[in-house]
Amino acid sequence: MLVRVGSRGSRLALTQAELAAAVLRRAGHEIAFVPITTSGDRDRSSPFGQIGERGVFVKEIEEALLARRIDVAVHSAKDMTSTDTDGLAVGAYLERDDPRDALVGADEVRPGMRIGTASVRRKAQLLAFEPTVSVEPLRGNVETRMRKARERGLDALVLAACGLDRLGLDAEIGLRIPIETMLPEAAQGALALQVRAGEEELVESGDSVETRTRVEAERACVAALGAGCLAPVAAHHDGERLEALIAAEDGSWVERRSGTDPTALASALLAASQERVIA
């Protein structure tokens, strides 16, 4: 059976699509790759707030899946909305890679540094950790962001460690930022294989039960927070407990809690954040 695998067209996305293809080939399928350009890919300069909410890197791929132009969609799970799209399902989460963020260009965060990132989650936590740093917006694929950082003379930039690992660029990592310092994006490090509802069997052989358990808890917490890509929120499950945070974008306050129930944890964070705003 020929299976059409859709993904974004960057080198990282195609590398990730090949990981999904390996699962399908082991099940006896032939593969055809279908690169798809998303709205997030088309606009690489505007802040995320000007091009849409969370999901700007998956919407067009999901539309192709629903229209039966592809059979399997491969996503960085952190790019997905926190709730499943009607008619679609995550048939498999591949075994998770390193969920941490990585500092590139330096081996520590020092006072007064200029650091590049377009993520408000990373920005808030960087400023909370070291208020004197200057956080500058930096968008594009991995290679583009690394090039822009050099051209602009930035001291460092923050990227997902897993992406650098998958591209064979792990030597560029100066520091894998401890989770105690920077809590990752929900589902960071995980790849999601999305299919049409009822067709999960196509990819289920690649599903990691442990990854699914952790990632679904993280996504549920973010969904309960009602937060999109623009909100400084984070969630990470270590296999025993779920930890999450919500913060002011300028890092002036961070509320961080841990627990086992995603909904209860989100409620506690929302209450704490309201108290901060009122104060």
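The values are calculated or read from the model by the stated rules, or taken from the named source; none is laboratory data. What you see is a predicted model; the values in this text were computed from it and never measured. So basically every Cβ, Gly included, is an ideal-geometry build from the backbone, and we count neighbours across all protein chains shown. What goes into the accessible areas is simple: the full protein's heavy atoms, side chains included, and nothing from ligands, DNA or RNA. Shrake-Rupley method; radii C 1.70, N 1.55, O 1.52, S 1.80 Å.
For residue 148, go through the aspartates and glutamates and keep the ones whose alpha-carbon is under 18 Å away, minus same-chain ones fewer than eight residues off. Filter leaves 41, 43, 136, 172. With everything on Cα atoms, drop me the angle between helix 120-129 and the longest principal axis of the chain, reported from 0 to 90° to the nearest 10. Helix 120-129 sits at roughly 30 degrees to that axis.
Pairs of Cα atoms nearer than 8 Å and 6+ residues apart set the relative contact order; for the chain it is 22 percent.
Taking the longest Cα principal axis of the chain as reference, the axis of helix 142-151 is set at about 30 degrees.
Annotation: amide H-H contacts under 5 Å for residue 101 (H modelled 1.01 Å from N, sequence separation of 5 or more, or interchain): 161, 177. Its alpha carbons give the chain an Rg and a Dmax of 18.4, 60 Å. Think of a 1.4 Å ball rolled over the protein heavy atoms: the chain then has 44 Å² of accessible area per residue.
A 1.4 Å probe, protein heavy atoms only, puts the accessible area of residue 78 near 60 Å².
Distances between placed amide hydrogens fall under 5 Å for residue 92 paired with 193, all partners being 5 or more residues away or on another chain.
Summing charges over neighbours of residue 135, with a neighbour being any other residue whose Cβ is under 12 Å away from its Cβ, gives -1 when K and R count +1 and D and E count -1. Taking 30, 243, 143 in turn, the Gaussian network model of the chain (Cα-Cα springs below 10 Å) assigns the largest fluctuation to 30. Between the helical axis of 262-278 and the longest alpha-carbon principal axis of the chain there is an angle of about 30 degrees.
If you wrap the Cα atoms of the range 60-103 in a convex hull and average its projected area over all directions, you get 4.1 nm². Across the range 117-165, C-alpha contacts under 8 Å between residues 6 or more apart give a mean separation that, scaled by the residue count, equals a relative contact order of 35 percent.
The residues neighbouring residue 118, those whose beta-carbon lies less than 9 Å from its own, together hold a net charge of +4 under the Lys/Arg +1, Asp/Glu -1 convention.
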